[in-house]
1. Just to be sure before I move on: is B:Pro114 open to solvent by 70 Å² or more (accessible area, probe 1.4 Å) and within 17 Å of B:Leu50 (Cβ to Cβ) in the structure I sent?
2. Name every residue in region A:60-80 that is aliphatic (A, V, I, L, M) and either near DNA strand C (Cβ under 9 Å from one of its atoms) or more than 17 Å from B:Met37 (Cα to Cα) (or both), in order of residue number.
3. Might you let me know whether region A:119-129 holds any residue that is open to solvent by 70 Å² or more (accessible area, probe 1.4 Å), more than 16 Å from DNA strand C (Cβ to nearest atom) and assigned to a helix (DSSP H, G or I)?
4. Go through region A:33-82 and give me each residue that's among the aliphatic types (A, V, I, L, M), away from chain B (no Cβ under 12 Å) and within 13 Å of DNA strand D (Cβ to nearest atom).
5. Out of all the residues in region B:67-82, which are surrounded by fewer than 16 Cβ atoms within 10 Å (Cβ to Cβ) and either closer than 14 Å to B:Asp55 by Cα or among the β-branched types (Val, Ile, Thr) (or both)?
6. Would you check if there is a residue in region A:83-102 being under 22 Å from B:Leu26 (Cα atoms), within 8 Å of DNA strand D (Cβ to nearest atom), within 19 Å of the chain's Cα centre (by Cα) and open to solvent by less than 50 Å² (accessible area, probe 1.4 Å)?
2 protein chains.
Amino acid sequence: MGKKRKDGKKSKSKKKDQTEYTLVDLSPALTQAARSMRTVLSRNLFESGLYAGQDGVILSLAESDGMTAGALAQKLGVKAPTMTRTIGRMEAQGFLERKPDAEDARLTKVYLTPLGRDSVQAIEMAASACDRLATLEFSDKEIRNLVRLLKAIDANLQAEALPLEEPDEE
Amino acid sequence: MGKKRKDGKKSKSKKKDQTEYTLVDLSPALTQAARSMRTVLSRNLFESGLYAGQDGVILSLAESDGMTAGALAQKLGVKAPTMTRTIGRMEAQGFLERKPDAEDARLTKVYLTPLGRDSVQAIEMAASACDRLATLEFSDKEIRNLVRLLKAIDANLQAEALPLEEPDEE
DNA sequence: ATCTTTTAATTAAACATTTTAAGGGGCCGC
DNA sequence: GCGGCCCCTTAAAATGTTTAATTAAAAGAT
């Protein structure tokens, strides 16, 4: 626990214990970058008839078609009703379709339609263009490191965010 | 897209077009990380009576008190009406107060109340705890690089996102 | 075999956030 | 002064999200 100098503005001293200030800067920077990214990406995706948030569903299904609604919700970090809503909207748009599972009738599996499959490329291009713009003068190594760190952050935070049913002892 | 290459080890094949795959991974990773961050941060802030999105206002004012509503909106990347709403809510909560500018009556300047000033520390602690959790096994250098890259991404994207009134010719 | 519990998806209701469009004044150039 | 512009605000609406309750089916127990 280091010293904290919260009164007023951050000192511009360049010391090693500067890390705390750097840390505090992370969440705003991440929030801002994500907001800007979403803004630009939404605009790029709009031409395909897609809204932000739908691209993740299509990309997930492109990876493994036939996921259940619950699995999609968990993977994308939203609650089940949100995913139901999203899937319903996308089904109405013709990007995907629901089919009951043959073995377990409780499950609803989601499959890409041809239109949905076509949109994969559009999404990847939009995301790629957006990412390229975002990382204009970055080196490949920087980008790789960035993605790696972001995924690590997500993993760290999700470990805390999840309710984590730990059977204390039995 | 036929090939599913989700194993995350995209660096196996070293081709030129490989960068696209790495790039495509950035926006989902950024989105997910930001979502997880917001979830955890909201939970930490909730105890202070603050909702997500309000912390940025308070931190901005802590840096330079008396910002105008428009300046806050621009700094935080939201539209003016959003900021009006946010400020109104926070004023009702007692975190800040509006005062008309003495020189320019059009401007509304926003100042922290003592309660708002007190919450600065709570916010910084919450953000710090969240950031620390997110970057558990990161080195200082990694964190610094991460913040630097995130800010660069934001700058790159905002340059594009802004309407940028260039009167080339009509 | 039947009853109870658990799991999955949905629906319903509510709420937060944000945006566009429009309104109300104050400032400044002419 | 007058017109245009800028800043904040209000109003209406879209989007996204959550919790709670409902329906249906599988799994397990008696």
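The values are calculated or read from the model by the stated rules, or taken from the named source; none is laboratory data. Everything numeric in this text was worked out from a predicted model, so none of it was measured. Virtual Cβ from ideal backbone geometry, glycine too; neighbours counted across all protein chains shown. In case anyone asks, the SASA skips ligands and DNA or RNA and just uses the protein heavy atoms, side chains included. Shrake-Rupley method; radii C 1.70, N 1.55, O 1.52, S 1.80 Å.
1. Values: open to solvent by 70 Å² or more (accessible area, probe 1.4 Å): yes; within 17 Å of B:Leu50 (Cβ to Cβ): yes.
It is true that B:Pro114 is open to solvent by 70 Å² or more (accessible area, probe 1.4 Å) and within 17 Å of B:Leu50 (Cβ to Cβ).
2. Let us first name the residues in region A:60-80 that are aliphatic (A, V, I, L, M), namely A:61-62, A:67, A:69, A:71-73, A:76, A:78, A:80.
Across region A:60-80, the qualifying residues are A:Leu61, A:Ala62, A:Met67, A:Ala69, A:Ala71, A:Leu72, A:Ala73, A:Ala80.
3. Within region A:119-129, the subset open to solvent by 70 Å² or more (accessible area, probe 1.4 Å) is A:121, A:125.
Still in the running and more than 16 Å from DNA strand C (Cβ to nearest atom): A:121, A:125.
Among the residues that remain, those that are also assigned to a helix (DSSP H, G or I) are: A:121, A:125.
Within region A:119-129, one or more residues are open to solvent by 70 Å² or more (accessible area, probe 1.4 Å), more than 16 Å from DNA strand C (Cβ to nearest atom) and assigned to a helix (DSSP H, G or I).
4. The answer is A:Leu50, A:Ala69, A:Leu72, A:Ala73, A:Ala80.
5. Initially, region B:67-82 is screened for residues surrounded by fewer than 16 Cβ atoms within 10 Å (Cβ to Cβ), giving B:70, B:79-82.
Result: B:Thr82, single match.
6. At the first step, the residues of region A:83-102 found to be under 22 Å from B:Leu26 (Cα atoms) are none.
Checking region A:83-102: not a single residue is under 22 Å from B:Leu26 (Cα atoms), within 8 Å of DNA strand D (Cβ to nearest atom), within 19 Å of the chain's Cα centre (by Cα) and open to solvent by less than 50 Å² (accessible area, probe 1.4 Å).
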